[in-house]
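Okay, so here's the structure we're looking at.
The values are calculated or read from the model by the stated rules, or taken from the named source; none is laboratory data. Predicted model, so just to flag it, every value in this text is computed and none were measured. Cβ placement follows ideal geometry from the backbone for every residue including glycine, while neighbour counts extend to all protein chains displayed.
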Amino acid sequence: MHLTTSEYQRYARHLTIPDFGLAGQQKLKSAKVLVVGSGGLGSPLLLYLAAAGVGKIGIVDFDTVDDSNLQRQVLFSTKDLGQPKAATARQKLLDLNPYIEVEIFETKLTKDNALEIIEPYDVVADGTDNFPTRYLVNDACVMLDKVNVYASIFRFEGQVAVFNYPLPDGRRSPHYRHLFPEPPPPGMVPNCAEGGVLGVLPGIIGSIQASEVIKIITGVGQPLAGKLFIFDVANFIPRVLSIPQLEAIKITELIDYDEFCGLKPEKDSSTMKEISVTELKKKMDDQEAFQLIDVREPHEYDFANIGGELIPLSSVPQNLDKIARDKPVIFQCRSGGRSGNAIRIVQSLDPSLDNLYNLTGGILAWSDEIDPSIPKY
């Protein structure tokens, strides 16, 4: 694919790199890269892919810009609050580089649409922060023989790997299921909203992710195929681990990934009793007898709480003796997911406990409906 005179000038610093040059830039212009997620990782990833001259970039994101995003999602600004991320990102990328094409998918990636969305693209870059989507992206890439450039971030640590990369012997490099065959128990690994992330970290890791995509497209250098790069930004410790090539993991269809990751309510979960924040406030005002248990992490509790007893989800099984038997017990977390998991754990260990309630909407609903001075995060 030929470059225009304007593109020659724009990409001049690429064209003068030995072993990259015109051929490398033409490969970038011909390439099609799908980026899943335009958040903390997606922001630098998209900016550098667009600036580099990747000919077609796809963006999958159905979220809107929130004030709590701006600490790390540098693609967006305050004036973008409330706007759809994918459409906003598209305009910013075209403002940066009008010589590229940007396609957006303002929808959730699911087992029903993943193959259709991913199939036209050469490389997929996964910048999501939840396990169901990571397994979905991985499995779709394996089924379609697409390279999956993976990255994740948490607090001070980031990871990057290249999955399903074609090897000289005709095989493919290890994929995500070779690294993590099974997802962790629900709620055991907080996402960025729950566990936090240093704002600069996704900039570092997303840029490395973009570098891997560019290397794969141009054939320059050695990609992180079969390897996991881990970077601790707090102590500046980089590590590279080898990913074992386990026995063949056959993936022939896409499944219900929420169910696979234990996030889908169990069949009997409709019997779980719930209480709204307004009902809880009335109990407080009427000084009724009840126990409020907060299953978030200590740093979350210190940031914002409504006076519950702190028992983090991971320690609930060891603290059954602290759960009251003689009055209602209300479990609470940020939005209601972890507290629901806590109730399921408790009831599996002691089915006799029938006085447990999940606070619908968690502390976010409390901030929205009861006390706006409680910070949302």
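Report, by residue number, each residue of the range 26-58 that is in a helix (DSSP H, G or I), in contact with an Asp or Glu (Cβ under 8 Å, 6 or more places away or on another chain) and either of a type in the set (Val, Ile, Thr) or more than 19 Å from Asp80 (Cβ to Cβ) (or both). Answer for the range 26-58, where residues must be in a helix (DSSP H, G or I), in contact with an Asp or Glu (Cβ under 8 Å, 6 or more places away or on another chain) and either of a type in the set (Val, Ile, Thr) or more than 19 Å from Asp80 (Cβ to Cβ) (or both): just Lys29. Restricting attention to the range 118-162, the residues that are under 16 Å from Val60 (Cα atoms), without any contact (Cβ under 8 Å) to a residue 60 or more places away in the chain and assigned to a strand (DSSP E or B) add up to 2. Screening Gln318 on (1) touching a residue at least 12 places away in the same chain (Cβ under 8 Å); (2) more than 25 Å from the chain's Cα centre (by Cα); (3) farther than 21 Å from Ser276 by Cα shows it passes everything except condition (1).
Here Ile57 clears all of (1) crowded, with 22+ Cβ neighbours inside 10 Å; (2) of a type outside the set (Asp, Glu); (3) farther than 25 Å from Tyr165 by Cα except the condition numbered (3).
Please determine, by comparing only the residues of the range 323-348 that are touching a helix residue (DSSP H, G or I) at 6+ places or on another chain (Cβ under 6 Å) and not aromatic (Phe, Trp, Tyr), which one is modelled with the highest pLDDT.
Residues of the range 323-348 touching a helix residue (DSSP H, G or I) at 6+ places or on another chain (Cβ under 6 Å): 331-336, 338, 342, 345.
Still in the running and not aromatic (Phe, Trp, Tyr): 332-336, 338, 342, 345.
Working: Gln332: 97, Cys333: 94, Arg334: 92, Ser335: 90, Gly336: 91, Arg338: 89, Ala342: 92, Ile345: 90.
Filtering first and then ranking leaves Gln332.
Among the residues of the range 308-329, some residue qualifies, meaning at least one is of a type in the set (D, E, K, R) and either within 13 Å of Ile363 (Cα to Cα) or part of a strand (DSSP E or B) (or both).
Scanning the range 1-49 for residues being under 22 Å from Gln222 (Cα atoms), surrounded by 20 or more Cβ atoms within 10 Å (Cβ to Cβ) and of a type in the set (Gly, Ala, Ser) gives a total of 2. The residues of the range 349-366 that are assigned to a helix (DSSP H, G or I) and in contact with a helix residue (DSSP H, G or I) (Cβ under 9 Å, 6 or more places away or on another chain), listed by number, are Leu349, Gly362, Ile363, Ala365, Trp366.
Report, by residue number, each residue of the range 104-117 that is touching a Pro at 6+ places or on another chain (Cβ under 9 Å) and part of a strand (DSSP E or B). Once the filter is applied, which keeps residues that are touching a Pro at 6+ places or on another chain (Cβ under 9 Å) and part of a strand (DSSP E or B), the range 104-117 yields only Ile104. Evaluation of Asp66 against the conditions (1) surrounded by fewer than 21 Cβ atoms within 10 Å (Cβ to Cβ); (2) under 31 Å from the mean Cα position of the chain (by Cα); (3) outside the structural domain of Ile153 (by TED's automatic domain parsing) shows that the sole unmet condition is (3).
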